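Okay, so here's the structure we're looking at.
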Amino acid sequence: MKVTVAGTGYVGLVTGVCLAHIGHEVTCLDVVEEKIEMLKNGKSPIYEPDLEDLMLKNKDRLNFTTNYKKAYKDADVIFIGVGTPERIDGTANLDYVNEVARQISESIDKDTVVVIKSTVPIGTNDRIEEYLNGNIKNGIKVRVASNPEFLAEGTAVKDTLYASRIVVGTEDKIAEKVLKELYLPLTKKPYNVPLLSMDRRSAEMVKYASNDFLALKISYINEIANFCESVGANIKNVTLGMGYDPRIGNKFLNSGIGYGGSCFPKDTKALHWLSKSLDCELKTVKACIEVNKDQKLRLFHKLKNSLYLKDLEVAILGVTFKPNTDDLRDAPSIDNVELLLEYGANVTVYDPIGLDNFKKRFKDRVNYASSINEAIKDKEAVMIMTEWKEIKEYDLNNYVKYMNKANIFDGRNCYDLDDFKNIDAYYVSIGRKDVGSLK
Ligand code: UGA
């Protein structure tokens, strides 16, 4: 099929490349010239494992352009995968989605199925369909279907090809048939992805309900971790014991300094806002947001309660919101570093992938190191913000060897408490007892 995907961010680009991989002719469209130039040269503007390999493998079926008129003109299916960032009041900003709809209405000259993959408030698909059919040439029909995205950054390609499920939301039989045909290869071996058809509003709701549930799971376990500290329990043992219950499961039970990224923070706020506006407030989602806000600064407060921050030499290990991405959106490192600087600490940061993005924001307000060893050298405290493999596998003896004072504040519970048995460091983590004494 001839497919056009609007937006070359995580959702749009990965969708486009994976659809090319299963045999479709795909045009990826973006308004940012530099991104399209990079893509034409085989380079991905986002860091995502396996993506460039797949781009190369399927280059004959992939086109990249900024020319929306050509891209939309005769597409069988158009995916909208542009961002829906959060507005200051927590609502979803639909400007990009609306602009794509406007451009589609100007450009198409045959019946088309428009698929909204961006996360949009319930009812948006209805509104976009109404807009499109009211603004295109007479005689052309647009069918809009919801097809939410469940990929996570860092595993996006795998999450798309071997998806947990494909949700197709439409009441229109023709749109349903087109999407079933489009996704047919993924529903077969080796992928075997279940495809669920449902009404449009439910499909929109599946996305929010899923993300908010996962966020809630994290906030719940973070609160339990904080409580473990008060009662002398160890959160790692508690989650181990909980996870064996298949009704609970052992995923998304890692406590730490809260969730970040481009999805959970905005999707929890958007759904909460929507629920309030409909006079049906989702109180659990509200609590989830509040817990996360506090949790992000929990490690900072532990540090502040232990050490005088003015002129303190602090290393930050990991700045991205999670490992295997260079994404800094809503990363806990940002608020923590801002606060450290406000209190007069001298901050040195290290991250295997995220430093370029961090530099764009913090410029010369912090020092940058090119290795863990360099970052922690002569420091009086280290704060771990992201659980990169390299950090988890770091030789703990080096903290003592290189730091001036080996005070380790671990916001991601990277190490076992027993690992510090023979190491003369002070180790503070989340939901567990502190080990050793302050240096
Ligand atoms: C999330 C969802 O996992 C995807 O299913 C969804 O498609 C995506 O949002 C989206 O809406 O686009 P993502 O934000 O890439 O994906 O990352 P996650 O792996 O879900 O992590 C989100 C945050 O939760 C990270 O800050 C991570 O550190 C934190 N987290 C995750 C925890 O604190 N504990 C956990 O046990 C798991």
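What is the Cα centroid distance between the stretch 115-176 and the stretch 289-308, reported in whole angstrom?
Going from one Cα centre to the other spans 39 Å.
Please list, by residue number, everything in the stretch 65-82 whose backbone N is under 13 Å from a paramagnetic label point 7 Å out along Cα→Cβ of Asn138.
Flagged as within label range: none.
In whole Hz, with x marking every Gly and Pro, tabulate ³J(HN,Hα) for the stretch 242-255 from phi via Karplus 6.51 cos²θ - 1.76 cosθ + 1.60, θ = phi - 60°.
So the Karplus estimates, Gly and Pro as x, are 5, x, 6, 6, x, 6, 8, x, 9, 9, 6, 10, 7, 7 Hz.
Rounded, prolate or oblate: which one fits the chain, using the alpha carbon gyration tensor with axes a ≥ b ≥ c (rounded when a/c is under 1.5, else prolate when a/b beats b/c, else oblate)? Present the calculation step by step, with values, prior to reporting the outcome.
Values: a/c = 2.19, a/b = 1.84, b/c = 1.19.
Here the chain falls in the prolate category.
Rounded to whole Hz and in sequence order, give me ³J(HN,Hα) for the stretch 128-141 from the Karplus expression 6.51 cos²θ - 1.76 cosθ + 1.60, θ = phi - 60°, writing x for Gly and Pro.
Coupling constants for the stretch 128-141: 5, 5, 4, 4, 4, 5, x, 10, 9, 4, 3, x, 9, 10 Hz.
In square angstrom, what is the accessible area per residue of the stretch 285-439 with a 1.4 angstrom probe? It would help to have the intermediate numbers written out before the result.
Working: 6820 Å² over 155 residues.
The answer is 44 Å² per residue.
Rounded to the nearest 0.05, what FRET efficiency is calculated for Ala209 and Asn250 with R0 set to 22 Å and r the Cβ-Cβ distance? Could you put the intermediate results ahead of the total?
Values: r = 21 Å, r/R0 = 0.96.
After rounding, the FRET efficiency stands at 0.55.
Using the Karplus equation 6.51 cos²θ - 1.76 cosθ + 1.60 (θ = phi - 60°), what ³J(HN,Hα) coupling, rounded to whole Hz, does each residue of the stretch 202-217 give in order, writing x for Gly and Pro?
Working through the residues one at a time gives 5, 4, 4, 6, 4, 4, 5, 5, 5, 4, 5, 5, 5, 5, 5, 4 Hz.
Would you calculate a helix-derived [θ] at 222 nm for the chain, using -39,500 (n - 2.57) for each DSSP H run of n ≥ 4 and dividing by the full residue count, to the nearest 500? It would help to have the intermediate numbers written out before the result.
Numbers: 18 runs with 190 residues, N = 439.
One gets -13000 deg cm²/dmol as the mean residue ellipticity at 222 nm.
With label points built 7 Å along Cα→Cβ from the Cα atoms of Ala233 and Asp172, find their separation and express it in nm.
Going from the Ala233 label point to the Asp172 one covers 5.2 nm.
With Cβ to Cβ distances under 12 Å as the rule, what net charge do the other residues near Leu328 carry (K, R +1; D, E -1)? It would help to have the intermediate numbers written out before the result.
On the way: positive: Lys322, Arg329, Lys359, Lys360, Arg361; negative: Glu153, Asp326, Asp327, Asp330, Asp335, Asp351, Asp356.
It works out to a net charge of -2.
Please go through the residue pairs Lys35/Lys177; Lys73/Lys276; Lys141/Lys180; Lys283/Lys322; Lys322/Lys405; Lys35/Lys363 and name each one whose alpha carbons sit more than 31 Å apart in this structure. Intermediate results must be reported in sequence, preceding the final value.
On the way: Lys35/Lys177 33 Å; Lys73/Lys276 40 Å; Lys141/Lys180 19 Å; Lys283/Lys322 27 Å; Lys322/Lys405 27 Å; Lys35/Lys363 23 Å.
Over 31 Å apart, Cα to Cα: Lys35/Lys177; Lys73/Lys276.
Using +1 on the beta carbon of Lys and Arg, -1 on that of Asp and Glu, and nothing else charged, what's the dipole of the stretch 259-358 about the Cα centre, debye to 20? Walk me through the numbers before you get to the answer.
On the way: 13 positive and 15 negative charges, 88 e Å.
Here the stretch 259-358 has a charge dipole of around 420 debye.
Taking the Cα centre of the chain as the origin, how large is its charge dipole in debye, to the nearest 20, when only Lys and Arg (+1) and Asp and Glu (-1) carry charge on their Cβ atoms?
Numbers: 61 positive and 64 negative charges, 102 e Å.
For the chain, the charge dipole is close to 500 debye.
For the residue pair Asn373 and Leu56, what label-to-label distance in nm results when each label sits 7 Å from Cα along the Cα-to-beta-carbon direction?
Those two pseudo-labels are separated by 3.1 nm.
Which residue fluctuates most in the GNM of the chain (Cα springs below 10 Å): Ile136, Ile104, Ile80?
Among Ile136, Ile104, Ile80, the largest mean-square fluctuation in the Gaussian network model of the chain belongs to Ile136.
Quick check: the distance between the Cα centres of the stretch 410-433 and the stretch 37-72, to the nearest angstrom?
Result: 43 Å between the Cα centres.
Calculate the spin-label point distance for Leu240 paired with Glu181, positioning each point 7 Å from the Cα along the beta-carbon direction, and give it in nanometres.
5.4 nm
How large is the accessible surface per residue of the stretch 17-64, computed with a 1.4 Å probe and reported in Å² as a whole number? List each step's numbers first, then the result.
Working: 2570 Å² over 48 residues.
With all protein chains present, the stretch 17-64 gives 53 Å² per residue.
Amide H to amide H, which residues 5 or more places from Val144 or on other chains are under 5 Å from it, using H placed in the peptide plane?
Val114
How much FRET efficiency would the formula 1/(1 + (r/R0)^6) give for Leu278 and Lys363, where r is the Cβ-Cβ distance and R0 is 51 Å, rounded to 0.05? The partial results should precede the final answer.
On the way: r = 43 Å, r/R0 = 0.84.
That gives a FRET efficiency of 0.75.
The values are calculated or read from the model by the stated rules, or taken from the named source; none is laboratory data. Note that the structure is a prediction, hence the values are computed from the model and not measured. All Cβ positions, even for glycine, are placed from backbone atoms using ideal geometry, and neighbour counts span all protein chains on display. What goes into the accessible areas is simple: the full protein's heavy atoms, side chains included, and nothing from ligands, DNA or RNA. Shrake-Rupley method; radii C 1.70, N 1.55, O 1.52, S 1.80 Å.
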